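To start, the structure itself, in structure tokens.
The values are calculated or read from the model by the stated rules, or taken from the named source; none is laboratory data. Being a predicted model, the structure only gives us computed values, none of them experimental. Every residue, glycine among them, receives a Cβ derived from its backbone with ideal geometry; neighbour counts consider all protein chains shown.
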Amino acid sequence: MRILWSGSLSVFLLCVSSLPVLAQDAASASPQAAGAPSAAASGAARSLDAVSSPPPASFNDVMDRVIEKEHLFIAQMRHMRPMVETYLQDLKTDSSGNSETVKDQYFLGRLDMSDAPEDTSFVGQPGFGHRMLNHLTGLYAMHFLPLGFAQMVVLDTDFQKKYYDFTFVRREFLGDLRCLVIDVQPKPNAPPGRFLGRIWVEDQDYNVVRFNGTYYPHPKTSYYLHFDSWRLNMRPGAWLPAYIYSEESDLKTNLGRALHFRAQTRLWGYDLKALNRNSEFTEILVDSPASVKDQSEATADPSPVVAARMWERQAEDNALERLEKIGLLAPSGEVDKILLTVVNNLLVTNNIDLQSDVRCRVLLTSPLESFTIGHTIVISRGLVDVLPDEASLAMILAHELSHIVLGHTFDTKLAFNDRLFFPDEDSFQRFDFKRRPADEDAADAKAIELLKNSPYKDKLGNAGLFLKALQQNAPDLPNLIRPHLGNSLAGGKSLRMSALLASAPDLDPKRSDQIAALPLGGRIRLDPWSDQVEMAKAKPVALASAREKMPFEIAPFFPYLTRLSSPASDKVALTAPNPK
Ligand SMILES: [Zn+2]
């Protein structure tokens, strides 16, 4: 069974605007409409609404609905191939009882729950967590990434009433949603590897929106991790996995050591048009001639200089387009404009007039990196998250802007389209935006010059403080610091923009008012369906102690859950075309 899969409209998940949803339904009402899903697909989504009435009479009926919805969820997920990123920090408790990060691990891939025997990992193979988690993965008939974390998107692949005891606990709100809280325990005779813990079920359509616990009982030779798994309402009738937090503080393993770690798993890139070739083809057919026409106003052939610029731009656009299609780059949006404002502050105060527009884009991954593709500055979500203030952001952007101002060369091989024909998982090998060390040094020097003339000149101590924290933490966080596409911020003995260290105060981890770097996940909100990013609206919180500073650290997820505003079939009639 497929769920609605029309990529032509992006929906801001939590902006609760009903318009895109209505438009979507109107489109699917007409079989010829652009990117319309198959009749079976829209039928599947509709039937979800039908199921929700009449209200269940008993708790037993509720559980029937929940189980039915969970089976539908599994069916939906078999057609989804979202990106999955897991970032894990190994912890050690020091003599005073505080946890500190001693090592980290990173995995990026695409979740494939179809039956196709195919692994798609973007970073290295299979390695990560494989040895300790392969039993876990093997227990399930589904196809998973070579790590156990992606599995935590599923409560139970064979969720059956006969395997479980269910206990109603209470009603509770998660964000806007009123939920039934239910404890779930496998019956003594149930087959192994069942879910043990608590589920939150939204009380309108009875979808599981959160589950928290582990799998049980543990097999003799391996063990299960604890997890807190969250789903978001991404399409009408579809609640899909977005966040999983996992943590163990003292799990004894048969490898002879206790596990102590925190891990965040994020899923996104659900709506990748590239994965649905049929709908893509439909869109090509219905493209209006106007949108295909070249936008440029030039009426004559360009001069050689202009042609060279156009060629570079073509390579740049090809790279950006491909990265976006894979699900590694956010579509252009609000965050880009914020970044561009900082870039413009640097340009204007330095009287620099570049002959071509500078653009900014957000890489959707956690590792801290920034680089340029032609005249486009790319900065990773993780890096935006951990930067403590605008001056630090200006420091990162000034370095990249300097590559552009200094006219550092950009390999235009990507202007030939055949070079873009490669499997997605090869992206990190095929795309390489690394600079030569000499260019890096030159960009650092130029960036200092730009910053000294800028509105940020009096706040560079903070930027230097961030660099100090980065330098100090880098040995324990190799996977967070390791870039995939650009140059390292702090590789070996080198540190980007190290000239700013001198102006920074001493790093004092015990002072709760000195914020050198932020935790991961605090600034950027990612819509897992459309890949759009926006700045998080969380209010600043006063820290109770220095422990809460959590520089570069991982925290649990508590997304504010909302329902997509009513896609209800009754509204379709209002927007459907007039039958004349
Ligand atoms: Zn650089």
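Taken over region 486-540, residues that are of a type in the set (A, V, I, L, M) and either under 16 Å from LEU460 (Cβ atoms) or modelled with pLDDT under 90 (or both) amount to 13.
One residue alone among LEU339, LEU347, LEU397 is in contact with a Cys (Cβ under 7 Å, 6 or more places away or on another chain) and of a type in the set (A, V, I, L, M), and that residue is LEU339.
Here VAL201 does not qualify as in a strand (DSSP E or B), in contact with a Phe, Trp or Tyr (Cβ under 8 Å, 6 or more places away or on another chain) and of a type outside the set (S, T, N, Q). Of all residues in region 372-386, one or more are over 19 Å from ASP317 (Cβ atoms), within 16 Å of the ligand (Cβ to nearest atom) and in a helix (DSSP H, G or I).
Here are some residues: LEU368, LEU364, LEU420. Which one is away from the ligand (no atom under 13 Å from the Cβ), among the hydrophobic types (A, V, I, L, M, F, W, C) and surrounded by fewer than 23 Cβ atoms within 10 Å (Cβ to Cβ)?
LEU420
Scanning region 175-191 for residues that are outside any strand (DSSP E or B) and either farther than 18 Å from ARG210 by Cα or hydrophobic (A, V, I, L, M, F, W, C) (or both) turns up LYS187, PRO188, ASN189, ALA190, PRO191. Going through (1) buried (at least 23 other Cβ atoms within 10 Å of the Cβ); (2) of a type outside the set (D, E, K, R); (3) away from the ligand (no atom under 16 Å from the Cβ) one by one, LEU346 falls short only on (3).
For region 491-519, which positions are away from the ligand (no atom under 16 Å from the Cβ), surrounded by 14 or more Cβ atoms within 10 Å (Cβ to Cβ) and not β-branched (Val, Ile, Thr)?
Restricting attention to region 491-519, the residues satisfying the condition of being away from the ligand (no atom under 16 Å from the Cβ) are 493, 501-519.
Among the residues that remain, those that are also surrounded by 14 or more Cβ atoms within 10 Å (Cβ to Cβ) are: 501, 504, 507, 509, 512, 514-519.
LEU501, ALA504, LEU507, PRO509, SER512, GLN514, ALA516, ALA517, LEU518, PRO519 - these are the residues of region 491-519 that are away from the ligand (no atom under 16 Å from the Cβ), surrounded by 14 or more Cβ atoms within 10 Å (Cβ to Cβ) and not β-branched (Val, Ile, Thr).
When we screen ALA469, ALA447, ALA474 for residues that are small (Gly, Ala, Ser), touching a residue at least 12 places away in the same chain (Cβ under 8 Å) and either within 16 Å of the ligand (Cβ to nearest atom) or not in a helix (DSSP H, G or I) (or both), the only hit is ALA447. Applying the criterion of at least 3 residues that are hydrophobic (A, V, I, L, M, F, W, C) and at pLDDT 80 or above to the helices (runs of 4 or more DSSP H) found wholly in region 261-367 leaves 304-326, 334-349. Only residues that are in a helix (DSSP H, G or I) and either crowded, with 19+ Cβ neighbours inside 10 Å or within 11 Å of the ligand (Cβ to nearest atom) (or both) were counted across region 450-460, and they come to 3.
Within region 221-234, can one find any residue that is surrounded by fewer than 21 Cβ atoms within 10 Å (Cβ to Cβ) and touching a His at 6+ places or on another chain (Cβ under 8 Å)? Within region 221-234, one or more residues are surrounded by fewer than 21 Cβ atoms within 10 Å (Cβ to Cβ) and touching a His at 6+ places or on another chain (Cβ under 8 Å).
All of HIS399, HIS408 fail the test of being within 13 Å of the ligand (Cβ to nearest atom) and closer than 30 Å to GLN89 by Cβ, apart from HIS399.
Determine, yes or no, whether PHE211 is within 21 Å of LEU72 (Cβ to Cβ) and over 28 Å from the mean Cα position of the chain (by Cα). So PHE211 does not fit the description; no. Evaluated against (1) within 16 Å of the ligand (Cβ to nearest atom); (2) among the polar types (S, T, N, Q); (3) out of contact with any helix residue (DSSP H, G or I) (no Cβ under 7 Å at 6 or more places or on another chain), SER303 falls short on exactly one condition, (1).
Here LEU393 meets each of (1) free of Cβ contacts under 8 Å to residues at least 60 places away in the same chain; (2) of a type outside the set (Ser, Thr, Tyr); (3) away from the ligand (no atom under 16 Å from the Cβ); (4) not in a loop (DSSP other than H, G, I, E, B) with one exception, condition (3). Annotation: GLU425 fulfils all but one of (1) assigned to a helix (DSSP H, G or I); (2) within 16 Å of the ligand (Cβ to nearest atom); the unmet one is (2).
As a summary of the residue check, ALA463 satisfies the conditions (1) buried (at least 21 other Cβ atoms within 10 Å of the Cβ); (2) under 26 Å from SER99 (Cβ atoms); (3) hydrophobic (A, V, I, L, M, F, W, C) except for the one numbered (2). Anything in region 479-489 that is away from the ligand (no atom under 13 Å from the Cβ) and part of a loop (DSSP other than H, G, I, E, B)? List them, or say none. Once the filter is applied, which keeps residues that are away from the ligand (no atom under 13 Å from the Cβ) and part of a loop (DSSP other than H, G, I, E, B), region 479-489 yields ARG482, HIS484. Among the criteria (1) surrounded by 14 or more Cβ atoms within 10 Å (Cβ to Cβ); (2) within 14 Å of the ligand (Cβ to nearest atom); (3) among the aliphatic types (A, V, I, L, M); (4) in a helix (DSSP H, G or I), the one LEU414 does not fulfil is (2).
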